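Heads up, the thing below is written out as structure tokens.
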Amino acid sequence: MDFTFSDYRKLLGTLQEKAFLPIRFCDTGDYSGRVAIIRHDVDMSPQKAVDIGSIESETGIKSTFFVLLSSRYYNLVSGENREAVKELIRQGHEIGLHFDVTNYDEDYSLDELCDAIKRERLLLESLFDIQVRSMSWHIPKRELIGVNIPALDEIGLLNAYDPEFYNGYKYVSDSMMRWREPIDEYLEKAAYEKMQILTHPIWYSFKQNKKDLEILKAHHFGEIKKDCIYLDAIRPGYKDILELSE
Ligand SMILES: [Zn+2]
């Protein structure tokens, strides 16, 4: 499949044709038939998340969007991003915490990490007046993948990388714009009864005309443009000088 909105729509269509029940993490439990947890890690753009959320909403699908509080690309307290998350909530999607381990000291113990998770969870809950029931690691360390963390169970937080979801469901991801495994085929043949499908909304557009690094580069230059706007605000005329020298 291409990384286009239309191909994503097709993927959802196949899921429904093959009688998979699409669910959010907060809906997980005992199901007798085919089940697919639909998960999105919002690494860069809440607006792109809304594009994907809207496609799902049109087809009556609800999924889980994991958002970062520590992103250098978006700030959830700012108006447009807060609105984007609110829109996802209105569409019935679940908002979970995407937790960036690399944002904390290398030598943080697991207990200290869990304390940080609790703090970020509270922040996210108070920001949107919601209950946060699940989390996923952003750029997880190998030792955190497929590992049960009792401290998270104790606070009732579902971890997308817990063995229950990581091993108990067939996990397929589009990291760096590449499906490591043939997702189309898996769904078409209903090769697995239980699936956890992870996408990153940033890769999808109307037309797939860019590759992963080009998309990331475009964002990088977008950031530089924002710096120019800021400079122009505090020192008018500076932006033009910078743009000329590009
Ligand atoms: Zn991530």
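As an exercise, identify the GluC sites (Glu not before Pro) in the stretch 73-119 lying in DSSP coil whose Cβ has no more than 11 other Cβ atoms within 10 Å. Working shown, then result.
Numbers: sites: Glu80, Glu83, Glu87, Glu94, Glu106, Glu112; in loops: Glu106.
The qualifying sites are Glu106.
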Exercise for the section: Note down the nm distance, to one decimal, between modelled labels 7 Å out along Cα→Cβ at Glu164 and at Leu127. Expected result: 2.5 nm
Exercise for the section: For the chain, give the share of DSSP beta bridges that are antiparallel, in percent and rounded to the nearest 5; count only bridges with both residues there. Expected result: 0 percent
Handout entry: Loop sites in the stretch 1-87: chymotrypsin sites (Phe, Trp or Tyr not before Pro), DSSP, at most 15 other Cβ within 10 Å
Key = Tyr31
Exercise for the section: Specify which residue in the list Tyr204, Ser6, Thr28 is farthest towards the positive end of the charge dipole of the chain, using unit charges on the beta carbon of Lys, Arg (+1) and Asp, Glu (-1), about the Cα centre. Expected result: Ser6
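What FRET efficiency would be calculated for the residue pair Ile155, Ser70, taking the C-beta separation as r and a Förster radius of 22 Å, to the nearest 0.05? Before the final figure, lay out each step's value.
Working: r = 19 Å, r/R0 = 0.87.
Approximately 0.70, to the nearest 0.05.
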Practice task
Quick one: accessible surface of Thr14, probe radius 1.4 Å, all protein chains present, in square angstrom to the nearest 10.
Solution key: 20 Å²
Fill in the blank from the handout: Contact order relative to length for the stretch 5-207, counting C-alpha pairs under 8 Å separated by 6 or more residues, stands in percent at 26 percent
Handout entry: Residues of type lysines that Lys210 reaches as a straight line, Cα spacing below 27 Å, ignoring anything fewer than 8 places off in the same chain
Key = Lys10, Lys48, Lys225, Lys226
Handout entry: Extreme residue, positive dipole direction of the stretch 1-147, given options Trp137, Ser70, Leu110 (C-beta unit charges)
Key = Trp137
Practice task
Give the long-range amide H neighbours of Met195: residues separated by 5 or more places, or on another chain, with amide H under 5 Å away, using H modelled in the peptide plane at 1.01 Å from N.
Solution key: Val35, Ala36, Ile37, Lys170
Problem - Gap separating the Cα centres of the stretch 91-127 and the stretch 30-64, nearest whole Å - result: 21 Å
Practice task
Could you list the trypsin sites (Lys or Arg not before Pro) in the stretch 122-157 that lie in coil according to DSSP, counting only those with at most 12 other Cβ atoms within 10 Å of their Cβ?
Solution key: Lys141
Completion exercise
Rounded to one decimal in nm, the spacing of the 7 Å Cα→Cβ label points at Lys10 and Glu223 is 3.4 nm
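Restricting to Cα pairs below 8 Å that are 6+ residues apart, what does the relative contact order work out to for the stretch 138-206? Please round to a whole percent. List each step's numbers first, then the result.
Working: 57 pairs, mean separation 18.3, N = 69.
The normalised contact order for the stretch 138-206 reaches 27 percent.
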Practice task
Specify the residue with the greatest mean-square fluctuation among Leu15, Leu76, Leu144, computed from a Gaussian network of the chain linking alpha-carbon atoms under 10 Å apart.
Solution key: Leu144
Completion exercise
Here, Asp115 and Glu143, labelled 7 Å along Cα→Cβ, have an inter-label distance in nm of 1.9 nm
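The values are calculated or read from the model by the stated rules, or taken from the named source; none is laboratory data. The structure displayed is predicted, hence computed values, not measured ones. Ideal geometry is used to build each Cβ from the backbone, glycine not excepted, and the neighbour counts take in all protein chains shown. Surface areas here come from the heavy atoms of the whole protein model, side chains and all, with no ligands, DNA or RNA. Shrake-Rupley method; radii C 1.70, N 1.55, O 1.52, S 1.80 Å.
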